[in-house]
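Reviewing the structure listed below.
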Amino acid sequence: MGNDKEAAGAGDTELPRYYDPETVELFYNESKSAADEIKAVIPSFRTNATVVLAIATGAAAFFGFDDASKQPILAYLALGSYAAAAVAAACIFLPKTVAYNVGRTSYDYVYPSDRNNVPAKGDLQLDYARQWQSGITATAASVKSVASYFTWLVVLVVAAVIFAGLSVTYGPETTPQPTEITIKDERQQS
């Protein structure tokens, strides 16, 4: 077993010629598993965004259909927060980059130009593991953007509910005016 840094060269990106096959297999399996895990994160954010937006819609309907008079500024802030929350939810559902193409370099391994220097299975596994890792890095940026939109969604939904509640609570106090009914008798008197 040699030193990987000596085999690959300091700072070099070439595959090391000396490695422990079990370690490479573990690296490959863990990389593939991590890639599967990170791919599942975006759909879970999307599912949760639907639930949060449904809660906001329920709150908006509850306060919006209330017959009580509303404080106009707070009501408009609630509507604006709800609209912004809907935009944040829409951004969560935009297509996101999930970059995995682990086989892009496998041609060189399957069909080496030098038939006398055929790469070992470990070389291919190590390269695949590195490709999974680069895919995870690319996908992590998409997950971060979805997480950011989800955070804004929750904040805006909370703001919409609070503003709507305050709008109804602090609406102008009006006392209902009594209704005056006048009855005219239009029958002819004989």
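Okay, residues lined up against (1) over 20 Å from Val24 (Cα atoms); (2) surrounded by fewer than 19 Cβ atoms within 10 Å (Cβ to Cβ); (3) touching an Asp or Glu at 6+ places or on another chain (Cβ under 9 Å); (4) at pLDDT below 90:
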| site | (1), (2), (3), (4) |
| --- | --- |
| Ile92 | yes, no, no, no |
| Tyr100 | no, yes, no, yes |
| Leu124 | no, no, no, yes |
| Ala129 | no, no, yes, yes |
| Ile183 | yes, yes, no, yes |
| Gln188 | yes, yes, no, yes |
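Quick one: would you say Ala40 is modelled with pLDDT of 80 or more, within 30 Å of Phe93 (Cβ to Cβ), surrounded by 13 or more Cβ atoms within 10 Å (Cβ to Cβ) and under 20 Å from the mean Cα position of the chain (by Cα)? Steps first, answer last, please.
On the way: modelled with pLDDT of 80 or more: yes; within 30 Å of Phe93 (Cβ to Cβ): yes; surrounded by 13 or more Cβ atoms within 10 Å (Cβ to Cβ): no; under 20 Å from the mean Cα position of the chain (by Cα): yes.
For Ala40, the condition - modelled with pLDDT of 80 or more, within 30 Å of Phe93 (Cβ to Cβ), surrounded by 13 or more Cβ atoms within 10 Å (Cβ to Cβ) and under 20 Å from the mean Cα position of the chain (by Cα) - is not met.
Read through the list (1) modelled with pLDDT of 80 or more; (2) within 14 Å of Phe163 (Cα to Cα); (3) in a loop (DSSP other than H, G, I, E, B), then give the number of the only condition that Leu77 fails.
So the condition that Leu77 fails would be (3).
Using the structure shown, decide if Ala160 is open to solvent by 30 Å² or more (accessible area, probe 1.4 Å) and touching a residue at least 24 places away in the same chain (Cβ under 8 Å).
Considered against the rule, which asks whether it is open to solvent by 30 Å² or more (accessible area, probe 1.4 Å) and touching a residue at least 24 places away in the same chain (Cβ under 8 Å), Ala160 comes out as no.
The values are calculated or read from the model by the stated rules, or taken from the named source; none is laboratory data. Here the structure is a predicted model, which means the values were calculated and not measured. Cβ coordinates were reconstructed from backbone atoms using ideal geometry, including for glycine residues, and neighbour counts include every protein chain displayed. Just the protein is used for accessible areas: all its heavy atoms, side chains included, with ligands, DNA and RNA removed. Shrake-Rupley method; radii C 1.70, N 1.55, O 1.52, S 1.80 Å.
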